[in-house]
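Let me begin by presenting the structure, written as structure tokens, before commenting on it.
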Amino acid sequence: MSNAERDLAYVQEVVKGAESAPSGPRAIYIIWAVIYFTGFSLFDWNHRYAGMFWLIAGPIGGVASFWLGRRSALRAGAASRRMERRHMLHWIGMGAAIFMALPLLWLDVMSSTALIKVILLIMAIGMFTAGIYLVRPYLWVGIALAVCYLAVMTVSALPWMVVGALSGGAMLLAAFLDER
Amino acid sequence: MAAKAGKDILSSLDGLDKLLAPRLRLALCVLLARFESMSFSRLKELTRETDGNLGANLRKLEVALYLRVKKTHVDRKPVSWYTLTARGRKALRRHLDALADVIGIVDD
């Protein structure tokens with residue numbers, strides 16, 4: 001191996017080391033696992049309370065995730081505004097798509113049960129694309145949410161409880177799949 | 001033919017930046033081009049260099065205006081953040097292009 005090749009291998013190894021760092025603290029995954037489990041399970045009991053839970057817990061979870069992610073990046077000594085912007089655009093985009101679906105309920109275009117399924121599908125796509133472009137383990141959460149979308153149409157007893165357990169479990173699994 | 005290849009190599013070598021020739025400085029610039037901003041301790045951890053050697057190399061890049069340093073506090077501890085400047089980014093691109101040319105000529 002020549003000197004130039006050795007030097008390039010060294011640069012490659014250094015960059016690889018930086019890339020293999022975890023993408024965020026485990027607390028973010030745990031927060032969302034709790035929100036998913038509680039938020040989805042509530043739909044089996046009361047759609048109104050479940051909707052209110054998501055309206056409050058969703059934005060709070062988002063802000064908490066942003067704060068925890070930034071604090072973790074600063075502590076780890078690697079901060080990227082570019083990456084932060086990319087994350088924000090993605091999650092705000094997904095949140096906006098969900099809010100834009102809400103008038104379908106107010107305008108009586110679809111029932112609340114059908115709308116929740118549409119939102120579940122939006123979340124599945126959002127998590128899947130986040131897995132491709134931002135945080136790899138979210139890919140599996142996206143797939144789990146897509147499975148949930150299918151499960152909710154086939155499971156008859158407490159379907160949203162199943163969705164909550166599956167999606168919350170996938171989020172916890174993602175926490176352990178994130179490279180550490 | 002051989003004379004032309006020799007000429008090509010020489011012109012590509014002209015594009016190489018002497019400041020980025022040491023592998024540590026090249027690695028530091030590549031890291032900062034990719035990750036935007038990194039602390040001294042993170043750079044030390046990734047490059048596995050001593051404080052003195054890393055500091056001296058960062059200083060050289062800083063003096064050449066390839067890097068910018070910003071001192072802040074994280075958890076009440078002082079932290080030095082390094083960022084690649086537009087000049088540093090341009091120099092790195094030119095250096096990497098020249099390296100690619102040299103490798104291409106040698107491979108041909």
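If B:Leu65, A:Leu89, A:Leu172, B:Leu28 are ordered by their accessible area, calculated over protein heavy atoms with a 1.4 Å probe, which sequence runs from highest to lowest?
A:Leu89, B:Leu65, A:Leu172, B:Leu28
Say the dipole of region A:25-177 comes from +1 at the beta carbon of Lys and Arg and -1 at that of Asp and Glu; which of A:Tyr138, A:Met123, A:His87 then lies farthest toward its positive end?
Of the listed residues, the answer is A:His87.
Which whole-number percentage describes the relative contact order of chain A, with Cα contacts under 8 Å and a sequence gap of 6 or more?
Working: 173 pairs, mean separation 57.7, N = 180.
Over chain A, the number comes to 32 percent.
Quick one: Cα centre-to-centre distance for region A:123-178 and region B:11-67, in angstrom?
Answer, in whole Å: 41.
I'd like the interface area for chains B and A: accessible area of each alone minus the complex, both sides summed, 1.4 Å probe, protein heavy atoms only. What is it in Å² to the nearest 100?
Accessible area lost upon association: around 2000 Å².
Ranked from the most accessible area to the least, with a 1.4 Å probe and all protein chains present, what is the order of A:Glu84, B:Glu45?
On the way: A:Glu84 45, B:Glu45 115 Å².
My answer, sorted largest first, is B:Glu45, A:Glu84.
Could you report region B:2-107's accessible area per residue, 1.4 Å probe, as an integer in Å²?
Per residue, region B:2-107 has an accessible area of 59 Å².
Pick from A:Ile56, A:Ile35, A:Ile98 the residue whose mean-square fluctuation is largest in a GNM of chain A, springs joining Cα atoms under 10 Å.
Ranking A:Ile56, A:Ile35, A:Ile98 by mean-square fluctuation puts A:Ile56 first.
Roughly what would the spin-label model give for B:Lys18 and A:Leu107, points 7 Å off Cα along C-beta, in nm?
That separation, rounded to one decimal, is 6.9 nm.
Would you kindly find the accessible area of A:Leu107, with a 1.4 Å probe and non-protein molecules such as ligands, DNA and RNA excluded, rounding to the nearest 10 Å²?
130
Taking all protein chains as present, what is the carbon and sulfur share of the accessible area of the protein assembly as shown, in % to the nearest whole number, probe 1.4 Å? Before the final figure, lay out the partial values.
Details: 10770 of 16790 Å².
Carbon-and-sulfur percentage of accessible area, whole number: 64.
I need the trypsin sites (Lys or Arg not before Pro) found in region B:57-108, filtered to DSSP loop residues with at most 13 other beta carbons within 10 Å of theirs.
B:Arg76
Taking only DSSP H segments of four or more residues, each worth -39500 (n - 2.57), what value at 222 nm results for chain A once the sum is divided by all its residues, to the nearest 500 deg cm²/dmol?
-27500 deg cm²/dmol
At A:Thr38 and B:Arg89, where each label point lies 7 Å from the Cα along Cα→Cβ, what is the point-to-point distance in nanometres?
The answer from the label model is 4.2 nm.
Express the accessible area of region A:25-177 per residue in Å², computed with a 1.4 Å probe while the remaining protein chains stay in the model.
Working: 8380 Å² over 153 residues.
Per-residue value: 55 Å².
R0 = 51 Å: FRET efficiency of A:Glu5 with A:Leu121, Cβ-based, nearest 0.05?
Numbers: r = 49 Å, r/R0 = 0.95.
Efficiency at R0 = 51 Å is approximately 0.55.
To the nearest 10 square angstrom, what accessible area does A:Ser156 show with a 1.4 Å probe?
110
The values are calculated or read from the model by the stated rules, or taken from the named source; none is laboratory data. Keep in mind that this is a model prediction, so the values were computed, not measured. So basically every Cβ, Gly included, is an ideal-geometry build from the backbone, and we count neighbours across all protein chains shown. These accessible areas exclude ligands, DNA and RNA; they are computed on the full protein's heavy atoms, side chains included. Shrake-Rupley method; radii C 1.70, N 1.55, O 1.52, S 1.80 Å.
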